[in-house]
């Protein structure tokens with residue numbers, strides 16, 4: 001189970017059977033260019049592996065302009 005904190009919504013969710021950051025973003029219906037994923041203060045790329053009991057922050061980003 002992966003523990004996910006969604007920002008700026010300030011919502012916590014738990015997801016099962018997620019293996020990579022890209023899989024996480026797909027489950028959340030986000031493209032890699034739409035969000036930053038952070039684990040233990042480190043920015044993760046879409047190919048990075050996620051492990052059981054990981055806690056990650058998913059911060060959606062927008063560009064204006």
Q) Taking the stretch 52-65 as the search range and keeping residues that are in contact with a strand residue (DSSP E or B) (Cβ under 8 Å, 6 or more places away or on another chain) and assigned to a loop (DSSP other than H, G, I, E, B), which one is nearest to residue 29 (Cα to Cα)? A) 61
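What do you reckon, is residue 36 at pLDDT 95 or above, surrounded by fewer than 16 Cβ atoms within 10 Å (Cβ to Cβ) and in a strand (DSSP E or B)? Break it down into steps so the answer makes sense when it comes.
Details: at pLDDT 95 or above: yes; surrounded by fewer than 16 Cβ atoms within 10 Å (Cβ to Cβ): yes; in a strand (DSSP E or B): yes.
For residue 36, the condition - at pLDDT 95 or above, surrounded by fewer than 16 Cβ atoms within 10 Å (Cβ to Cβ) and in a strand (DSSP E or B) - is met.
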Q.
Being in a strand (DSSP E or B) and under 13 Å from residue 55 (Cβ atoms) is the filter here; which residues of the stretch 8-20 pass it?
A. 12, 13, 14, 15
Q. If you check every pair at least six apart or on different chains, which have Cβ atoms under 6 Å apart with a residue in the stretch 43-54 that is touching a residue at least 40 places away in the same chain (Cβ under 8 Å) and at negative phi first and a residue that is surrounded by 12 or more Cβ atoms within 10 Å (Cβ to Cβ) and not in a strand (DSSP E or B) second?
A. 50/18
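The values are calculated or read from the model by the stated rules, or taken from the named source; none is laboratory data. Everything numeric here is computed off the predicted structure, so don't read it as measured data. Here Cβ is always computed from backbone atoms with ideal geometry, including for glycine, and neighbour counts include all displayed protein chains.
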